[in-house]
Amino acid sequence: MKVLVVGGAGYLGGAVTDLLVQSNHETRVYDSLVYEDSYLKAVDFVYGDIRDRANLKRHLKWADCVIWLAALVGDGACALNPDISTELNHLALAWMAENFDGRIIFMSTCSVYGAQDGILDESSPINPLSIYAVTKFAAEAHLKNKNAIIFRLGTLFGLSDRFSRIRLDLVVNTMTAKAHTEGRLSVFGGAQYRPLLHVRDAAQAVFDNIETKAKGVYNLHKTNIKMSDLAQEVKKQFPKIKVEKIEMKFEDARNYRVSSDKAKKIGFSPRLTPTEGIKELKELLESGRIRDLNSPRYTNHGFLEQFKTHEGYNGKK
């Protein structure tokens, strides 16, 4: 099958393309390299913006399956420019859905559930609390009558591949990096829950459903964990650090637990735990393979914020 990975040079895209190049699928990556200076992987590559309709349409005609990973990801990054977030996360996907009739695999987010009690499944009420969640949920609607599977991802963590940048703005990765560099963790509130998923398990779910007939919305996560408990998991790998709990009058608004039982019925079986993600990132950090952990390159919000005040900022470098 001819598979077009839109946004394939990113954090999740790196793990997805690793699986594809080991398969019999013919693979092409379409990406604007917002966070990268080059694309070095031995994969057919097209430099392009998803808002360049003419360019993208040529590659849609080539493809049998589109894996749509392109987006501004994260609450902070999207809040920098809500209009551009809407263009990229919602309107570009809507246009693609109108102009492509093959298999579509789309990444949404469990943050569409907002703050709710109980275990949430795909039929639970939607309560998006950020531009990121609003735009992702809006995009889902355009795939209802398509040959499409929508994955609402838990918060990703861990190492993706040898080429894509590590993200240090994801809670497991953030805590691990702070434990390594600062020798302490500050936990605000701590009773908030997050559903977590290793980036390579997310990639495996994408790869496994390229040729299936599964359609509709599926939650994907490995475990639901309180932030205070996650801090203790990090401490097990960094025994000398201090964990400081800071009481908050108002906890982080995002507080939700999800069920992935529906996805398990189509073969979803995540293998990697947060502890394994902490261990692999700790090994990377201790090996000195990241020169400057404080570089804004490793956080979506921090990197894009550099361009927010520039005249003509449009979501690109």
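Read-outs: derived from the displayed coordinates by stated rules, not from any lab. No experiment lies behind these values; they were computed from the predicted model shown. Please note: Cβ atoms are built from the backbone with ideal geometry, for glycine as well, and neighbour counts cover all protein chains shown.
Run through the DSSP bridge list for the chain and note the antiparallel percent, rounded to the nearest 5. Could you put the intermediate results ahead of the total?
Details: 4 of 43 bridges.
Percentage antiparallel, nearest 5: 10.
Please compare each pair in Lys41/Lys262; Lys226/Lys262; Lys41/Lys265 to a cut-off of 28 Å on the Cα-Cα distance and tell me which ones are over it.
Table pairs above 28 Å Cα-Cα are Lys41/Lys262; Lys41/Lys265.
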Open item on the list: Taking 25 Å as R0, compute the FRET efficiency from the Cβ-Cβ separation of Glu36 and Ser186 and round it to 0.05.
Closed with: 0.20
- [ ] Give the long-range amide H neighbours of Val258: residues separated by 5 or more places, or on another chain, with amide H under 5 Å away, using H modelled in the peptide plane at 1.01 Å from N.
- [x] Leu120
Task: Gyration tensor (alpha-carbon) shape descriptor, segment 85-167, a/c threshold 1.5 - done: oblate
Open item on the list: What does the charge count around Val73 come to, taking other residues whose C-beta lies under 12 Å from its C-beta (Lys +1, Arg +1, Asp -1, Glu -1)?
Closed with: 0
TODO: Would you please give the FRET efficiency between Lys245 and Val21, computed as 1/(1 + (r/R0)^6) with r the Cβ-Cβ distance and R0 = 41 Å, to the nearest 0.05?
DONE: 0.40
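Structure shown: which of Lys136/Lys213; Lys2/Lys61; Lys236/Lys279; Lys235/Lys282 lie over 19 Å apart, alpha-carbon to alpha-carbon?
Numbers: Lys136/Lys213 23 Å; Lys2/Lys61 10 Å; Lys236/Lys279 10 Å; Lys235/Lys282 12 Å.
Where the Cα-Cα span goes over 19 Å, the pairs concerned are Lys136/Lys213.
Within 10 Å, count the other beta carbons around each residue, average over each peptide in 157-168, 226-237, and list them highest first.
Numbers: 157-168: 20.9, 226-237: 17.7.
Peptide ranking by packing, descending: 157-168, 226-237.
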Open item on the list: Run lengths n ≥ 4 of DSSP H only: what is the helix-derived mean residue ellipticity at 222 nm for the chain, with -39500 (n - 2.57) per run over all residues, to the nearest 500?
Closed with: -9000 deg cm²/dmol
Task: Which of Glu122, Glu140 has the fewest Cβ neighbours within 10 Å, and the rest in rising order - done: Glu122, Glu140
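Let me check I've understood the local charge: for Lys279, count other residues with C-beta under 11 angstrom from its C-beta, Lys and Arg +1, Asp and Glu -1. What total comes out? Write down the numbers at each step before the final one.
Working: positive: Lys236, Lys282; negative: Glu233, Glu276, Glu280, Glu283, Glu286.
With Lys, Arg at +1 and Asp, Glu at -1, the neighbours total -3.
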Task: segment 118-271 - percent relative contact order, Cα under 8 Å, separation 6 or more - done: 34 percent
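Below 8 Å, C-alpha to C-alpha, sequence gap of six or more: please give me the relative contact order for the chain in percent. All intermediate terms of the calculation are to be shown ahead of the outcome.
Details: 623 pairs, mean separation 65.6, N = 317.
With pairs under 8 Å counted, the relative contact order is 21 percent.
Which of rounded, prolate, oblate describes segment 124-245, given a ≥ b ≥ c as roots of the alpha-carbon gyration tensor eigenvalues and a/c under 1.5 marking rounded, otherwise prolate only if a/b is larger than b/c? All intermediate terms of the calculation are to be shown ahead of the outcome.
Values: a/c = 2.63, a/b = 1.82, b/c = 1.45.
It is prolate, given that a/c is not under 1.5 and a/b is the larger ratio.
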Open item on the list: Using a 10 Å cut-off around each Cβ, can you sort Trp68, Trp62 from fewest to most neighbouring Cβ atoms?
Closed with: Trp62, Trp68
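Figure the gain on full extension for Ser124 and Glu211 (residue separation times 0.36 nm, minus the Cα-Cα span) and round it to one decimal in nm.
On the way: separation 87, 0.36 × 87 = 31.32 nm, distance 2.77 nm.
Stretched out fully, the Ser124 to Glu211 stretch lengthens by 28.6 nm.
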Task: Qualifying aspartates and glutamates (Cα of each under 15 Å from Cα of Lys264; at least 8 residues distant if same chain) - done: Asp121, Glu122, Asp201, Asp208
- [ ] Would you mind computing, in nm to one decimal, how far apart the modelled labels at Glu283 and Gln232 are, each placed 7 Å from Cα along Cα→Cβ?
- [x] 2.6 nm
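Quick one: grab the alpha carbon gyration tensor of segment 220-299, order the square roots of its eigenvalues as a ≥ b ≥ c, and give me rounded if a/c is under 1.5, else prolate or oblate depending on whether a/b is larger than b/c.
On the way: a/c = 1.84, a/b = 1.26, b/c = 1.46.
It is oblate, given that a/c is not under 1.5 and a/b is not larger than b/c.
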Task: Summed side-chain charge close to Arg58 - residues other than Arg58 whose Cβ falls under 14 Å, Lys, Arg +1, Asp, Glu -1 - done: +2
